[in-house]
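Here is the structure we will look at, set down as structure tokens.
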């Protein structure tokens, strides 16, 4: 391991030459800088969400709070949409600027949290924000520009720093209940908080409980059927039904398909289920939209004054989350076959639709009752440290241990592939029947397991203070180090590893690494109006090498009411352990077969259908790199009115991703990339498997404007009012492929140009009320999925009111007051863009809290 001692030498030299004593004005550390300051508004843009803001927003958990922020973009996800095909069930994350959840660094009290043991959609490593109870949060600070020079890897898009209630005193208990105006989604919350001051110590203990009932796609009219033709979409019902569809085939001795013919539906298939050559299956009603969730956690914060100049502190937390998700019964797409001499044919128990020939089938295993998974996650974290003063310099040393352990249990509906094929060969399982004997079902179905563990261990230290006085003011310096070890293991059971489970997705990944970093930050004022900050961080990783990230930030305030700010920096993201060490993993994205479509014109080829993709990691990945800058102005037009406008820009290279649709479009006839059924009459056969892996593919560029305006109106005789408006406008979002071709995504599917929130708060004596209007702009539909047209904008209104008397607070609220439905999208079976819009509907809730 290589160390660069120059940064530490700077700190020692500064102390040795004498440092200017800190003045009596209280200084605080603001996210984005290690140097404490007297002014909250620094040269970098920071959005601060207070405890009162959280109450006014009406959010029931952290993911709901952050998902509604205008700065959140594509890649932000909650538990909505979790189903049996999801690899990150139960988790939630925020993606600032739409640059990805893995490019947004999430901190807890300024320190890292271990990533989820289960990656989202196979590739995205993320910090599960559901592990942080809402009741424990004092405020959330969001740094809206790149910050690798300050915090290291993953801070490409910015930083979300969640600050806990460390100085609470007294006892408070809160309970809440809410429900949707339609089916599903009822929620219960309960929390208790206790804090006490001793002569030399302070203790805070927080207990939190949250429970949510499931919502199925069947619970909403617009998503209850995968046949979206009545709503103006396509028929997304599966081609694997029960009754099924069959094709003549020639089966090799090893069970491989040597040739096949045309498909035809089972003779007993109801006419309503026939579309084209297949007997369809409507899987939507059986799938989870928002899963059943239960969480319970304990948090203990402790500090103890060891001496006048030294303090011990500790943070201990444990959170248990359980999520149950459901999916339709497992589908088979030509995985199983019947030979011409199958006992069912020779005994007359079944009639071969292609007499004397082998057949293959598309069939849904509805006899299993559908797939059902339970994911249990335990998150534990401990921070132990000391801080104090040394020659008028503040210093701190701390050790952090953070672990995320997840266990996934396949409880129902999972089929053992070789046993099912053997049962078919023996005539014990009859594919032409919709029912099977209990003995056969017990033989072919299995319970699956998947175990994951992600661990982060780190030791960090920092020293900061005034460096020297000069004619322009007092220069301040912060220097520090961090040593971090990370490990991850995601292990499905042996049946999955042998490829003997079909109808499920899971990841297999493992890896570990260590990292050493040294960093320095220098703040130089020039008179009372100008400030410059310089930051530099050097990182040494055991698995890919070194990286150095600089940052420069400037602030100029020519008037007391006017300030300009600008920042520039370079950031990076190390390849995640999942992306480096992912084993061969099966996923089922919706892809269009643009090789067959022009030749057949069939809907199955020309629309997005589930395709089997065998995906793997890449140990040769390079880190992503980004350059960003921000230019802004802050204007206090009057004592009660303030406005800030910032222009931001990001340029990201070496993007670690995959583009399977592009791979299929360009390599659709390459047998090393796309495995197909045999070619018939010059038409390539249908897709069996696609082989893909992570690569550094091109990059992405985005820029836009943030607007934040606040107006206070007090002493009106009718109470105090606060009005605010927060807007994020994405001017461009350009995705650049490895061949240099680019496409503009701003305004396209899942990339709205505009998001804004308008808020009004009112308080008078014992009464408080709040209203939020949330806007998500329109986008074009997903042309890659064969959908055309426009997805309309969506506006939701949230209101709540509270009455405070003595030590009691009573709150009633309604989120999505007008019960706005998500706008229609023709790209998906549920009829709306699930990544951008919510299907929760109108939600009514009440809360009561008592403090003494």
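Every number here is computed from the coordinates shown, using simple stated rules; none is lab data. Values in this document were obtained by computation on a predicted structure and should not be read as measured data. Because the Cβ atoms are built from the backbone with ideal geometry, glycine has one as well, and the counts that use them run over all protein chains shown.
Highest average first, the peptides 431-438, 449-456 ordered by how many other beta carbon atoms sit within 10 Å of their residues are 449-456, 431-438.
Please pull out the direction-averaged projected area of region 312-414, using the convex hull of its alpha-carbon atoms, in nm² to one decimal place.
Numbers: hull surface 43.8 nm².
Dividing the Cα hull surface by four gives the mean projection, 10.9 nm².
Could you compute how fast region 656-778 diffuses translationally, taking Rh as the Kirkwood radius over C-alpha pairs and applying Stokes-Einstein at 4 °C with viscosity 1.567 mPa s? Give it in µm² per second. Value of D from the Cα-based Kirkwood radius: 67 µm²/s.
Only Cα sites of region 188-233 enter the Debye sum here, all with the same form factor; the resulting log10 I(q)/I(0) across q = 0.17, 0.19 1/Å is -0.68, -0.74, listed in q order. What is the distance in Å between the Cα centroid of region 426-440 and that of region 834-852? Value for the Cα centre distance between the two parts: 46 Å. Counting only alpha carbon atoms, the long axis of helix 417-426 and the longest principal axis of the chain meet at about 10°. Tell me the angle of helix 6-16 to the major Cα principal axis of the chain, expressed in degrees between 0 and 90 and rounded to the nearest ten. Approximately 20 degrees, to the nearest 10. In percent, rounded to a whole number, the relative contact order of the chain is 12, using alpha-carbon pairs under 8 Å and six or more apart.
What base-10 log of the normalised intensity I(q)/I(0) is obtained for region 352-495 from the Debye formula, alpha carbons as equal point scatterers, at q = 0.12, 0.14, 0.18, 0.19 Å⁻¹? Debye curve over Cα of region 352-495, log10 I(q)/I(0) at q = 0.12, 0.14, 0.18, 0.19 Å⁻¹: -0.73, -0.85, -1.05, -1.11. For the chain, the equivalent ellipsoid derived from the Cα gyration tensor has semi-axes of 52, 29, 26 Å, listed largest first. In plain terms, the C-alpha convex hull of region 766-825 casts an average shadow of 5.2 nm² when viewed from every direction. Among 115-126, 575-586, 629-640, sorting by the average number of other beta carbon atoms lying within 10 angstrom of each residue, highest first, gives 115-126, 575-586, 629-640. Most tightly packed first, judged by the mean number of other beta-carbon atoms within 10 Å of their residues, the peptides 368-379, 144-155, 740-751, 720-731 read 144-155, 368-379, 720-731, 740-751.
Express in % the proportion of alpha carbon pairs of region 422-535 at distances exceeding 22 Å. Considering region 422-535, 66 percent of its Cα-Cα pairs are separated by more than 22 Å. The distance separating the Cα centre of region 245-322 from that of region 583-620 comes to 18 Å.
From the square roots a ≥ b ≥ c of the eigenvalues of the alpha-carbon gyration tensor of region 704-828, which class results: rounded (a/c under 1.5), prolate (a/b over b/c), or oblate? Don't skip to the end; give the middle numbers.
Details: a/c = 3.84, a/b = 2.24, b/c = 1.72.
Taking the square roots of the gyration eigenvalues as a ≥ b ≥ c, region 704-828 is prolate.
Over 20 Å, how big is the tail of the calculated P(r) for region 119-274, in percent of all Cα pairs?
On the way: 9186 of 12090 pairs.
Taking all Cα-Cα pairs of region 119-274, the fraction more than 20 Å apart is 76 percent.
In region 258-333, the alpha-carbon atoms span a convex hull of 202 Å³ per residue.
In angstrom, the C-alpha Rg and Dmax of region 562-619 are 20.9, 65.
Evaluated at 10 °C with a viscosity of 1.306 mPa s, what Stokes-Einstein diffusion coefficient in µm²/s does region 551-665 have when Rh comes from the Kirkwood expression over alpha-carbon pairs?
Working: Rh = 18.8 Å.
After rounding, the answer is 84 µm²/s.
Translational diffusion of region 465-624, estimated by Stokes-Einstein from the Kirkwood radius over alpha carbon pairs at 37 °C in a medium of 0.692 mPa s, is 158 µm² per second. Projected over every direction and averaged, the convex hull enclosing the alpha-carbon atoms of region 76-175 yields 7.6 nm².
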